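The values are calculated or read from the model by the stated rules, or taken from the named source; none is laboratory data. Since the model is a prediction, treat every value here as computed from it, not as a measurement. Methodologically, a virtual Cβ is constructed for each residue, glycine included, from the backbone with ideal geometry; neighbour enumeration extends over all protein chains shown. With ligands, DNA and RNA removed, areas are computed over all heavy atoms of the protein, side chains included. Shrake-Rupley method; radii C 1.70, N 1.55, O 1.52, S 1.80 Å.
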Amino acid sequence: MSSQLHLNLFIHGRGHHEAAWRHPSASPLALTDIHYYTDLARKAEAGLFDSVFLADTLAVGDDVAHAPRTWLEPITVLAALAGATNRIGLIATCSTTYTEPFNLARQFGSLDHMSHGRVGWNIVTTWLAAAAGNYGGGGPLTHADRYERAEEYMRVVTGLWDSWSDDAVLDDRAGGQYARAGSIRPIQHAGEHHQVTGPLNLPRGPQGRPVFVQAGSSETGRRFAARYAEAVFTAQMEKATAQEFYADLKQLAVREGRDPRHVLILPGLSPVIGSTEAEAQRLARELNELSDPEVGRKRLSGRFGGHDFSHLKLDEPLRPEDFPDPGTVEAARSRTEVIIGLVRRETPTLRQLLGYLAGARGHFVTAGTPEQIADLIEDWFRDGAADGFNLMPPILPAMLEVFIAEVVPLLQKRGLFRTRYAGATLRAHYGLARPDAQF
Ligand SMILES: Cc1cc2nc3c(=O)[nH]c(=O)nc-3n(C[C@H](O)[C@H](O)[C@H](O)COP(=O)(O)O)c2cc1C
């Protein structure tokens, strides 16, 4: 744990609550309007956040009739955000299963130049089964296959980002030499899934490589994170499991020969904030009343790889046996473990479970005053559960604005959060060194 906590804004729909898009205080802008995204990024930058982040799933969900998403393609959005902001880090999701590594290396390399060193890549293997139908139609890969491919993928893209040494470009107009050809070399990768000659057709970026972010929390996901991730997003429903995850991942990173301080752990936090506790609770109720349990049932099915939950009664207590064994789920395995863990601990009814998941899909949801939210953040931070948070405002921009106006100053007063940006790159905000090219 460093002395300063890190804050990332996760931009999702008109807020992370399933019904946020209908709430009167949600943004009036269309989710296809770039101004919606640039306004949020500028607000987060004014609040001195480390970064903003966009997720991506590569297919329309079954619940599209009742649930809008962050439609615009994330890399394209980052290009716009790079021009609209100056200091904040910019993180986009891109899939190792469905993107050619040469394309990805070029796009993130270009964004790193365009943003002057502020880009991060959320490395995902894409859990959503429907995505396979949009990329060759060969059917979804298993969880193990996806991670196995991702390992090879990392070797390819890292090789490409390192294929130009840092001093390769001379740009010597008088002498007539643009680059040192000997400092740009092919990677000659011939693997099981990818054949890439290289080098990348782009000089090395200001950060060397984008910051590697990862969000898989299954056993395989954790081992992958321990090897590569510099920041880890994770869904935790309570402090005790967050502490267990934190300790485990830091230890796995040490076993990989890494400094555990260079693997930042950022659990999701979705706070409904009110000036009194009663007001926060009222707002949380208002949001829950806008959500439809049948939409939640569809989403739950998607999380469990299409498992049929239609026979379960809404108002009867759930049992762990109502769910498939997480070990057999090929989709987002760790999230299914989180959900079954909650069922085991609290035996909610299906309606109650869906109500909880409506808040932020299995991330930590809470309602309280700014003081209470700041206390919770400080407690998790000081007590080995988090290096910072992936803030998931239930309503955007309203709950982000309240967080910045009311919670950030409390964190600053307690010496936990920056009062100005000290550096100019995402690596600087996250306290990470620039990697040398393995040339
Ligand atoms: C905050 C957060 C954001 C995520 N964003 C994406 C995403 O944009 N696209 C995606 O396919 N998976 C996303 N995931 C899912 C994970 O990357 C991972 O694929 C999933 O958890 C399955 O891997 P696991 O079984 O190792 O956890 C996200 C997870 C978290 C916690």
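What are the ³J(HN,Hα) couplings of segment 176-191, residue after residue, when phi is run through the Karplus curve with 6.51, -1.76, 1.60 and θ = phi - 60°? Round to Hz, x for glycine and proline.
Computed from phi, the couplings for segment 176-191 are x, 10, 7, 9, 8, 4, x, 9, 10, 9, x, 9, 6, 7, 10, x Hz.
Quick one: which of 106-119, 371-384 comes out on top by average Cβ neighbours within 10 Å, and what's the full order, highest first? Kindly include the intermediate steps, with their values, before the conclusion.
Numbers: 106-119: 22.1, 371-384: 17.6.
Ranked by mean Cβ neighbours within 10 Å, highest first: 106-119, 371-384.
Kirkwood hydrodynamic radius for the chain: how many Å is it when counted over pairs of different Cα atoms?
When all Cα pairs of the chain are included, the Kirkwood radius is 22.4 Å.
Sort 41-49, 133-141 by the packing proxy (mean of other Cβ within 10 Å over each peptide's residues), most packed first.
Averaged packing, sorted descending, gives the order 41-49, 133-141.
Tilt of helix 350-360 relative to the longest C-alpha principal axis of the chain, in degrees (0 to 90, nearest 10)?
Roughly 40 degrees, rounded to the nearest 10.
Putting +1 on Lys and Arg Cβ atoms and -1 on Asp and Glu Cβ atoms, find which of 370, 340, 178 reaches farthest to the positive end of the dipole of the chain.
The Cα lying farthest towards the positive end belongs to 178.
Could you work out how far helix 143-161 tilts from the main Cα principal axis of the chain, as a 0 to 90 degree angle to the nearest 10?
The two axes meet at around 40 degrees.
Roughly what angle does helix 101-114 make with the longest principal axis of the chain, taking Cα atoms, 0 to 90 degrees, to the nearest 10?
On a 0 to 90 degree scale, this one is about 90.
Could you work out how far apart the two model spin labels at residue 219 and residue 100 are, taking each label as a point 7 Å from the Cα in the direction of the beta carbon, and quote it in nm?
Taking the two extended label points, one gets 3.7 nm.
Share of the chain's accessible area from carbon and sulfur, percent, 1.4 Å?
Accessible surface attributable to carbon and sulfur in the chain totals 50 percent.
Place +1 on the Cβ of every Lys and Arg and -1 on the Cβ of every Asp and Glu in the chain, take the dipole about the Cα centre, and give the residue among 84, 28, 324 whose Cα lies farthest towards its positive end.
Towards the positive end, the residue furthest out is 84.
What does the accessible area of residue 71 come to, in Å² to the nearest 10, when a probe of 1.4 Å is used?
Surface open to solvent at residue 71 totals about 120 Å².
Efficiency by 1/(1 + (r/R0)^6): what FRET value for residue 148 and residue 76, r their Cβ-Cβ distance, R0 = 25 Å, to the nearest 0.05? Can you show the working numbers first?
Numbers: r = 29 Å, r/R0 = 1.17.
The value I calculate is 0.30.
Ratio of alpha-carbon Rg to the 2.2 N^0.38 Å globular estimate for segment 1-92, to two decimals, please.
1.13
Which whole-number percent gives the relative contact order of segment 283-401, counting Cα pairs below 8 Å spaced six or more residues apart?
24 percent
Amide H to amide H under 5 Å from residue 27: which residues, 5+ apart in sequence or cross-chain, H placed 1.01 Å off N in plane?
For residue 27, the qualifying residues are 396, 398.
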